[in-house]
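The values are calculated or read from the model by the stated rules, or taken from the named source; none is laboratory data. Being a predicted model, the structure only gives us computed values, none of them experimental. Positions of Cβ are generated from backbone atoms using ideal geometry, with glycine treated the same way; all protein chains shown enter the neighbour counts. These area figures cover heavy atoms from the full protein model, side chains too; ligands, DNA and RNA do not enter into them. Shrake-Rupley method; radii C 1.70, N 1.55, O 1.52, S 1.80 Å.
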Amino acid sequence: MNARAYFYLAITSLFWGGNSVAGKMAVGHVSPMMLTTLRWTVALAVILALMTPQIRRDWAKIREHWLQLLAYGAVGFTMFNAFLYSAVKYTSAINAVILQAGIPMLIFLFNFVLFRTKASVAQILGFTVTLVGVLITAAHGDLASLMQLQFNFGDALMLLACIVYAAYTVGLRWKPNMHWQSFIAAPAFGALLSAIPLLIWEFSNGSAIVPDASGWAIVVYAAIFPSLMSQVLYVRGVEMIGANRAGLFINAIPVFGTLLSVLLVGETFHPFHLVALLLVLGGIAIAERGRPKLPR
């Protein structure tokens, strides 16, 4: 089960890292809220095309928990991205990466406050090692440059994004017991519903961009991989090994995103990229070796 969970979470981080690259490539081809709305429209269409029989079998349970399921989608799927997309208008990508790396610690904190779930010394050490790897990636190998960063309104928005996603992760503890296809369908619908007002707002201020051919390619990628497959795999990973352990894999996202930028966008690969990747993977390994016997 552990090996399967690691695989699911590693693939999740890879796809979410690819989402960061897709976001860079989307500039000028499709606006942020247009992308958010269309990705969930496409994802929901795929869900309905492939998963309707299972959804019908679980319909009674979906109706019983409909408000909770829609909230998962609105909070974990849409609200996080809304804060993230808004934050990068006011702050640097480096600041956003650094703050996002705090999500695992927020998960530890929420689990302790709500459930008195303690993180082991090894988990704290592992988190610290992965955080160093993220900082090296963000600073492009020059940690001294981090001292020159200034925090602003965008950083506050990014902190809200991190709190939202940490809360969503911890909230999966109360996930209704149903087939994964049914579980992902209802939150996807909630994500689409909550994205529509944001799209209306984007149109009202004149910043909406209808996707061109490249924009549609980005929409399809975002819908299938970061929106659909990653959410399914992340939920399964949290379900299998608990939020504290699964949350550490979030710190692999910036590293995967950097590596994919090298492959797809033509950015230069530097030795610090390899060092950062080894630190992130090593930190996760340390945390897993010293995990509590009852990780949830």
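A few notes on this one:
- Helix runs (DSSP H) in the chain reaching 20 Å along axis by Cα, Kyte-Doolittle at least -0.5: 2-26, 32-57, 121-138, 153-171, 180-204, 271-289
- Rg [Å, one decimal], Dmax [Å, integer] - the chain, C-alpha atoms: 18.6, 57
- Note on the chain: lysine pairs with Cα distance below 24 Å, sequence gap of 8 or more or different chains, count 5.
- Accessible area per residue was computed with a 1.4 Å probe on protein heavy atoms; Lys118 scores about 150 Å².
- Two-site FRET efficiency, Arg289 against Ile224, from Cβ-Cβ distance with R₀ of 25 Å, rounded to 0.05: 0.15
- Dipole in debye (nearest 20) - the chain, about Cα centre, beta carbon charges: Lys, Arg +1; Asp, Glu -1: 1100 debye
- Length gained when the stretch Arg63-Lys118 is fully extended (0.36 nm per residue, less Cα-Cα span): 16.3 nm
- Cα Rg over Rh - the stretch 102-212, Kirkwood: 1.06
- Intensity falloff of the stretch 1-103 expressed as log10 I(q)/I(0), Debye formula with alpha-carbon point scatterers, at q = 0.10, 0.15 Å⁻¹: -0.40, -0.88
- Of Phe108, Phe153, Phe189, the one that fluctuates the most in a GNM where the chain has Cα springs shorter than 10 Å: Phe153
- Centre-to-centre separation between the Cα atoms of the stretch 213-263 and those of the stretch 1-58: 8 Å.
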